[in-house]
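Data first, discussion second: the structure below is written as structure tokens.
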Amino acid sequence: MSNWYLQNGKDSDVVVSSRVRIARNLNGFKFLNKCSKEEQEQILQSIKEVVPSIGYGLKFVNLEDLDNVTKVSLVEKNLISPEFISNNKIKKAILINDEENICMMINEEDHIKLQVFSSGQELENLMNLVIELDEKIGEMLNYSYSKNFGYLTESPVNIGTGMRASVIVHLPALTLTGNLSKILRIINNMGMSIKGVYGETSQNAGDLYQISSNQTIGVTEKEIVSNVKSITEKVVEQERLARKYLCKNQIEIEDRVYRAYGILSNALKISSDECKRLLSEVKLGTDLGIIKELDDSKVKKLETYTKSANLQKYLGKTFDGYEREIKRAEVIKQILCN
């Protein structure tokens, strides 16, 4: 089975991926910002002992056993947070399966950050999976819980269910038609947060944005997922309408996406930022059925293996910045030719 980020899912022309995560802390231990090194180790050991009983093919990996390129590659795939690898003073680990659709960060902000992922819009299925995992782990480990406030977390904004749901959406047409800023304001005003995956502004290089739930207390898990799903469906509808509008001038849109495809497939070196921008337009052209030379599988591979750390993992060797630009162009040609 291939990794989830190399597959397509529901509404994957717009919805790149979905994630549901749950924050938990172990009863009897301080919050992480107050834990000693010994307590951090005890938390890791407590979780490591129950891994065989959890199942799902999960493996326990100490973060300090991973090289820097591997750590960054996990960040690039959105499996772990940049903050998780930035503080070396805390003992950390991950639980991850081969498909990488389940990834638990141990000792990030909270003792446990349980995350499940999927391509496309699969929030309801992910919610069911994460609850199933959470209940199984909760039977073996005693969580910090209050009858008044629900599950207790280091940050007060995460108490209650401790659940957050999010999707990453590709919005090139809304950007090109000048309607993106309006959509961003509407989403923020509806109690959700939206931010650029590669930047906070509408000039986000890859036209990728993450829509996330904000509220964890006073709402159920089903309500959290339902709210994000409802807003996502509206965004998908608006992006598709914008794409139809762009296609009214067929020559202009074909010229735009094929110019991007031409540069991408013929460049001898290419930077990470330029690659993100060109891939955004090439994905748009592929999803619209304009670029016949590509399919969804190749686009997914291009999106994954042109990122700096994953590029080096793909080639099995480390390179400096200039060499990576050359190797990125070579890898693009390999994927396109296969």
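Residue under question is Ile168, and the condition is that it be of a type in the set (A, V, I, L, M, F, W, C) and modelled with pLDDT of 95 or more; does it hold?
Answer is yes for this residue.
Got at least one residue in region 30-45 being within 30 Å of Glu223 (Cα to Cα), touching a residue at least 24 places away in the same chain (Cβ under 8 Å) and outside any helix (DSSP H, G or I)?
For region 30-45, residues within 30 Å of Glu223 (Cα to Cα), touching a residue at least 24 places away in the same chain (Cβ under 8 Å) and outside any helix (DSSP H, G or I): present.
Out of Ser230, Ser272, Ser212, I need the residue that is free of Cβ contacts under 8 Å to residues at least 60 places away in the same chain and touching a strand residue (DSSP E or B) at 6+ places or on another chain (Cβ under 7 Å). Which one?
Sole residue among the options that is free of Cβ contacts under 8 Å to residues at least 60 places away in the same chain and touching a strand residue (DSSP E or B) at 6+ places or on another chain (Cβ under 7 Å): Ser212.
Does Glu154 qualify as being under 20 Å from the mean Cα position of the chain (by Cα) and modelled with pLDDT under 95?
For Glu154, the condition - under 20 Å from the mean Cα position of the chain (by Cα) and modelled with pLDDT under 95 - is not met.
Which numbered condition trips up Gly196, out of (1) more than 26 Å from Thr306 (Cβ to Cβ); (2) surrounded by fewer than 22 Cβ atoms within 10 Å (Cβ to Cβ)?
All conditions pass for Gly196, except number (1).
State the number of residues belonging to region 1-23 that are part of a helix (DSSP H, G or I) and buried (at least 19 other Cβ atoms within 10 Å of the Cβ).
The number of residues fulfilling the criteria is 2.
Does Lys77 meet the test of being closer than 30 Å to Val169 by Cβ, basic (Lys, Arg), touching a residue at least 24 places away in the same chain (Cβ under 8 Å) and crowded, with 16+ Cβ neighbours inside 10 Å?
Yes, satisfied.
Sort out which residues of region 82-117 are under 17 Å from Ser155 (Cβ atoms) and aromatic (Phe, Trp, Tyr), and write them in order of number.
If the condition is that a residue be under 17 Å from Ser155 (Cβ atoms) and aromatic (Phe, Trp, Tyr), then Phe84 is the only one that fits.
Quick one: is Gly206 crowded, with 17+ Cβ neighbours inside 10 Å, more than 29 Å from Asp273 (Cα to Cα) and not assigned by TED's automatic domain parsing to the domain that holds Asp287?
Judged against the criteria, Gly206 is not a match.
Among what's in region 252-293 and is of a type in the set (S, T, N, Q) and part of a helix (DSSP H, G or I), pick the residue that is farthest from the chain's Cα centre (by Cα).
This residue is Asn266.
The values are calculated or read from the model by the stated rules, or taken from the named source; none is laboratory data. Just so it is clear, the model here is predicted, and its values are computed rather than measured. Positions of Cβ are backbone-derived with ideal geometry, glycine not excepted, and every protein chain shown enters the neighbour counts.
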